[in-house]
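The values are calculated or read from the model by the stated rules, or taken from the named source; none is laboratory data. These numbers were taken from a predicted model, which means no experiment stands behind them. So basically every Cβ, Gly included, is an ideal-geometry build from the backbone, and we count neighbours across all protein chains shown. With ligands, DNA and RNA removed, areas are computed over all heavy atoms of the protein, side chains included. Shrake-Rupley method; radii C 1.70, N 1.55, O 1.52, S 1.80 Å.
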Amino acid sequence: MHPIRHFRTITHHRHLVRKYCFRVGLYWRGLTHDLSKYSPTEFWRGARYYQGTFSPTQQERRENGYSLAWMHHKGRNRHHFEYWTDYSPTGEGIVGVEMPRKYVAEMFCDRIAACRVYQGEKYTDASPYDYYQKSKDHILINQETSDLLDRWLLLLKDCLLYTSPSPRDTERS
């Protein structure tokens, strides 16, 4: 049980998301991001399954086959694509619903912050893109939402690669 470490991790994550949301003009989204993580349902499970290098919901899922904290979280936070699923009006079953852009933007900020928090010094601006690429073929997300997130994450990745040369690149010049 690691309540203090978990509290520090989620608070650090929220501060990063707030900073990024403020940069893109999403002040309310930044201020209210992930407040449900402090609720007893999510907080105490997070403290119990805390690892420090990845989300406690992953550990809870590994041990129990599901995560009650995650089910609580995704149902209350519109920046998760899982929130945006519904039965298809044409009878295709459950489908991804296109997310409003402000929530896609918050999800973009959330993914950057999560990678920074869990990867620490290993983080690069390619990390959120690479992480998304590993999962996007087996998740239930609306195609337009997926394409938009993919474009934004690729822009982040490419901007870093061309605006921050490594010392080696500088030596060759």
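Quick check on Y83: is it open to solvent by 70 Å² or more (accessible area, probe 1.4 Å) and within 17 Å of the chain's Cα centre (by Cα)? Yes. Checked against the criterion of being without any contact (Cβ under 8 Å) to a residue 60 or more places away in the chain, of a type in the set (S, T, Y) and not in a helix (DSSP H, G or I), the stretch 7-29 has no qualifying residue. Residues that are part of a helix (DSSP H, G or I) and under 16 Å from the mean Cα position of the chain (by Cα) within the stretch 47-59 comprise P56, T57, Q58, listed in sequence order. Name the single residue, out of those in the stretch 30-87 being in contact (Cβ under 8 Å) with a residue 40 or more places away in the chain and touching an Asp or Glu at 6+ places or on another chain (Cβ under 7 Å), that is nearest to E98 (Cα to Cα). That would be H79. Under the condition of being part of a helix (DSSP H, G or I) and either among the hydroxyl-bearing types (S, T, Y) or touching a Lys or Arg at 6+ places or on another chain (Cβ under 9 Å) (or both), the residues counted in the stretch 60-80 number 6. Is it fair to say Y103 is open to solvent by less than 20 Å² (accessible area, probe 1.4 Å) and among the aromatic types (F, W, Y)? For Y103, the condition - open to solvent by less than 20 Å² (accessible area, probe 1.4 Å) and among the aromatic types (F, W, Y) - is met. Filtered by the rule that a residue be assigned to a helix (DSSP H, G or I), touching a residue at least 40 places away in the same chain (Cβ under 8 Å) and open to solvent by 70 Å² or more (accessible area, probe 1.4 Å), the stretch 111-152 gives R116, Q143, E144.
For the residues F43, F54, the requirement of being hydrophobic (A, V, I, L, M, F, W, C) and either closer than 24 Å to W152 by Cα or open to solvent by 30 Å² or more (accessible area, probe 1.4 Å) (or both) singles out F54.
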